[in-house]
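Structure record follows, encoded as structure tokens.
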Amino acid sequence: MTPKRGLITDTYKIVKKARRGGKRDKPPSPPKPEPEPPQLTEREKDLQELKKFDLDWTFGPCTGISRLQRWERAALHGLNPPQEIIEILLNEKTDPEYTQSLWCDYPL
């Protein structure tokens, strides 16, 4: 006769794991407020608008010409360029950072 075999669970001790989570002593902390973005100066805002104008291909290519020439060409062809661009350009006629497009430093 063969000896009676027991279940495999009979040979190992039962170990219960401790519960996770339990009671919390302190309440959850409130979310941290997001830092405010830095305030842009008027010049930075203007240059940002001009950069958007340079990157918008609906007004035609901008290499080899000034922003004012590009704006006038777009208006001539009925592409309705933004009025604030011409106002910025007419106020700052002498500053090359305003008059030249982003691509002025690259050869054709």
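The values are calculated or read from the model by the stated rules, or taken from the named source; none is laboratory data. Not measured: the values here are computed from a predicted model. Please note: Cβ atoms are built from the backbone with ideal geometry, for glycine as well, and neighbour counts cover all protein chains shown. With ligands, DNA and RNA removed, areas are computed over all heavy atoms of the protein, side chains included. Shrake-Rupley method; radii C 1.70, N 1.55, O 1.52, S 1.80 Å.
Any idea which residue in region 59-75 is modelled with the highest pLDDT, counting only those that are among the hydrophobic types (A, V, I, L, M, F, W, C) and in a loop (DSSP other than H, G, I, E, B)? Going through the qualifying residues, I end up with Ile65.
Sub-7 Å Cβ pairs linking a first residue in region 43-71 that is in contact (Cβ under 8 Å) with a residue 12 or more places away in the chain to a second residue that is exposed (fewer than 12 other Cβ atoms within 10 Å of the Cβ) and part of a loop (DSSP other than H, G, I, E, B), at least 6 apart or interchain, are Thr63/Leu108; Gly64/Leu108, ordered by first then second residue. Do you know which residues across region 43-53 are over 15 Å from Asp95 (Cα atoms) and open to solvent by less than 50 Å² (accessible area, probe 1.4 Å)? Within region 43-53, just Phe53 meets the criteria.
So is Asp56 open to solvent by less than 100 Å² (accessible area, probe 1.4 Å) and either modelled with pLDDT of 90 or more or not small (Gly, Ala, Ser) (or both) or not? Spelling it out, Asp56 is indeed open to solvent by less than 100 Å² (accessible area, probe 1.4 Å) and either modelled with pLDDT of 90 or more or not small (Gly, Ala, Ser) (or both). When the residues of region 76-91 are filtered to those that are in a helix (DSSP H, G or I) and open to solvent by 50 Å² or more (accessible area, probe 1.4 Å), the one that is farthest from Glu42 (Cα to Cα) is Leu76.
Within region 27-42, can one find any residue that is surrounded by 10 or more Cβ atoms within 10 Å (Cβ to Cβ), without any contact (Cβ under 8 Å) to a residue 24 or more places away in the chain and not in a loop (DSSP other than H, G, I, E, B)? Within region 27-42 (the criterion being surrounded by 10 or more Cβ atoms within 10 Å (Cβ to Cβ), without any contact (Cβ under 8 Å) to a residue 24 or more places away in the chain and not in a loop (DSSP other than H, G, I, E, B)), the answer is no, since none of the residues qualifies.
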